[in-house]
Amino acid sequence: MKQTAFSKLFSAFTSPSQIARTSMIQDTTILDLITKESNRQETTLNLIASENNCSIEVMRASASPLTNKYAEGYPGKRYYAGCEVIDEVEKIAIERCKKLFNAEHANVQPHAGSQANMAAYFAVLKPGDTILGMSLAEGGHLTHGHPVNFSGTVYNVVQYKVHPETHLLDFDEIEALTLAHKPKLIICGASAYSRTIDFERFAQIAKKVGALLMADIAHIAGLIAAGLHPSPFPHADIATSTTHKTLRGPRGAIIMCKKELAEKIDKAVMPGTQGGPFMNVIAAKAVAFHEALDPSFKEYQKQVIVNAQTLAQSLQKKGYDIVAGGTDNHLFIVDLRSKNVSGRAAEIALANVGITCSRSCIPFDTAKPWITSGVRFGTPSLSTRGMKEAEMKQVADLVDRAIMHREDADALAGISQEVKALCELFPIYK
Ligand SMILES: Cc1ncc(COP(=O)(O)O)c(C=O)c1O
């Protein structure tokens, strides 16, 4: 199909369900499932902190014929012919990424956040080197040194937690562990931490032992891009991020670093840990960066934070405990022990009424990771739908009623109808 015809065809679509309904996808088995999933997304309230709804433009770019192109290497230095156009796409993505994050160097090829972290470690560490990262149970990520992950088997891992009482990053502990174990790399950044991360403080501690500092900003990248959370630069040597969370781009990742590490990082991505880049996704990342550079993105991110704070405060008023006392960003963890319900039971109760979230350990959780004592709530998706403070109060009420009446089928059926009605007022793809 010629690209012009393709563009024309795509410009006629206004929603993913319309894309699915067209005869473009002849495979009815998959077509049905895409339609079902589109409908599920439209008719449920998504409180999963790591998810968002990217724009139609981002989806169009990632569904473009750029998926067909092999382009191992980097702009100007490819191992395949025919990369002239692709080179332009990647160069634009790199420049936009650098501008957005004030980064000296950017690699836009990592397929996902885990691959970005793997490449970053591969660039600066040898097997057996010591790394210091935040434990998964206290808010870190699997790739920050968990034993079931490559990071926990390849490297000698030391883990920090949070302060047992405040549930904030405990810089006294982080410094003591750093001085005692002299890690080669300190990893900061989290999957489930609701307070501001002090990158400067991390860098001061890293300097004491000559460690490198890596900031994994996967969750807060959108807030950083909007200037609503301190930037990891100039403090961190490396920053990795996914592009699909608060940043609201396609599923994928990026690595940014100081100039001195640029060559090592690029080599660690390709040929170190990846082959051909997903050029369609890189085009979609470029589109997302362009969107994030628009002033409207800052307004969106402001609303994400206000919404998270409103939701957390509304739940606190209903007697729910919030880990670390509240939130400065897009997410927070609800400690459900005072309500006598496990994270898993709450996640199921909420799913039954069409509210999706992820159960989560609370710091120093005594419940098993499969059960947990908490749930993690985030507002990127609901904010993208246009919801504001009034809706957050309504969502808090729906959440509370679904959890408290989780055994009452009639009550749950009524709440489901209210969830659907709210979703209808805020369609994802208008
Ligand atoms: C802090 C952090 N780093 C890395 C990742 C990994 O990203 P991916 O799922 O794209 O591999 C996540 C994903 O949730 C994350 O929260």
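The values are calculated or read from the model by the stated rules, or taken from the named source; none is laboratory data. For clarity, every value in this text was computed on a predicted model and none was experimentally measured. Glycine also receives a Cβ, built like all others from the backbone with ideal geometry; neighbour counts cover every protein chain displayed. Surface accessibility is based on the protein's heavy atoms, side chains included, excluding ligands, DNA and RNA. Shrake-Rupley method; radii C 1.70, N 1.55, O 1.52, S 1.80 Å.
Annotations for the structure displayed:
- Candidates 217, 174, 187 - the one that is assigned by TED's automatic domain parsing to the domain that holds residue 118, under 28 Å from residue 365 (Cβ atoms) and in contact with a Phe, Trp or Tyr (Cβ under 6 Å, 6 or more places away or on another chain): 174
- Just one residue in the set 171, 101 is of a type in the set (Phe, Trp, Tyr), modelled with pLDDT of 95 or more and more than 16 Å from the ligand (Cβ to nearest atom); that residue is 171.
- Within the range 92-127, being out of contact with any Phe, Trp or Tyr (no Cβ under 7 Å at 6 or more places or on another chain) and of a type in the set (Gly, Ala, Ser) holds for 106, 112, 113, 114, 116, 119, 120, 123.
- Single unsatisfied condition, residue 189 versus (1) within 16 Å of the ligand (Cβ to nearest atom); (2) touching a residue at least 60 places away in the same chain (Cβ under 8 Å); (3) at positive phi: (2)
- Among the residues of the range 213-235, those that are assigned to a loop (DSSP other than H, G, I, E, B) and more than 14 Å from the ligand (Cβ to nearest atom) comprise 226, 227, 228, 230, 231, 233, 234, 235.
- Residue within the range 193-208 that is within 13 Å of the ligand (Cβ to nearest atom) and more than 15 Å from residue 100 (Cβ to Cβ) present: yes
- Test for residue 254: is it within 16 Å of the ligand (Cβ to nearest atom) and either over 20 Å from residue 118 (Cα atoms) or in a helix (DSSP H, G or I) (or both): no
- Selection status of residue 35, within 28 Å of residue 329 (Cβ to Cβ) and either open to solvent by 60 Å² or more (accessible area, probe 1.4 Å) or in contact (Cβ under 8 Å) with a residue 12 or more places away in the chain (or both): no
- Entry remark, the range 271-301: residues being of a type in the set (Phe, Trp, Tyr) and either in a loop (DSSP other than H, G, I, E, B) or in contact with a Ser or Thr (Cβ under 8 Å, 6 or more places away or on another chain) (or both) number 2 in total.
- Taking the range 395-411 as the range and being surrounded by 17 or more Cβ atoms within 10 Å (Cβ to Cβ) and part of a helix (DSSP H, G or I) as the test, the residues that pass are 395, 396, 398, 399, 400, 401, 402, 403.
- Here residue 275 passes the criteria (1) over 20 Å from residue 379 (Cβ atoms); (2) buried (at least 20 other Cβ atoms within 10 Å of the Cβ); (3) not acidic (Asp, Glu) except the one numbered (2).
- Residue 373 being among the hydroxyl-bearing types (Ser, Thr, Tyr) and over 20 Å from residue 168 (Cα atoms): no
- For the range 38-63, a tally of residues being open to solvent by less than 50 Å² (accessible area, probe 1.4 Å) and in a helix (DSSP H, G or I) returns 6.
- With respect to the conditions (1) within 16 Å of the ligand (Cβ to nearest atom); (2) buried (at least 20 other Cβ atoms within 10 Å of the Cβ), residue 71 lacks only one, and its number is (1).
- Residue list for the range 137-164, filter: touching a residue at least 60 places away in the same chain (Cβ under 8 Å) and surrounded by 18 or more Cβ atoms within 10 Å (Cβ to Cβ): 137, 138, 139, 141, 143, 144, 161, 162
- Pairs linking a residue in the range 116-132 that is at pLDDT 95 or above to a residue that is aromatic (Phe, Trp, Tyr) and within 14 Å of the ligand (Cβ to nearest atom), with Cβ atoms under 7 Å and 6 or more positions apart or on different chains, are 118/150.
- Matching residues in the range 189-214 - criterion: being open to solvent by less than 10 Å² (accessible area, probe 1.4 Å) and among the aromatic types (Phe, Trp, Tyr): 199, 202
- Taking the listed residues 174, 205, the one that is over 29 Å from residue 281 (Cα atoms), more than 14 Å from the chain's Cα centre (by Cα) and in contact (Cβ under 8 Å) with a residue 40 or more places away in the chain is 174, with no other qualifying.
- Any chance residue 362 is open to solvent by 10 Å² or more (accessible area, probe 1.4 Å), modelled with pLDDT of 95 or more and in a loop (DSSP other than H, G, I, E, B): no
- Any hit, the range 370-387, residues being open to solvent by 20 Å² or more (accessible area, probe 1.4 Å), free of Cβ contacts under 8 Å to residues at least 40 places away in the same chain and over 30 Å from residue 106 (Cα atoms): yes
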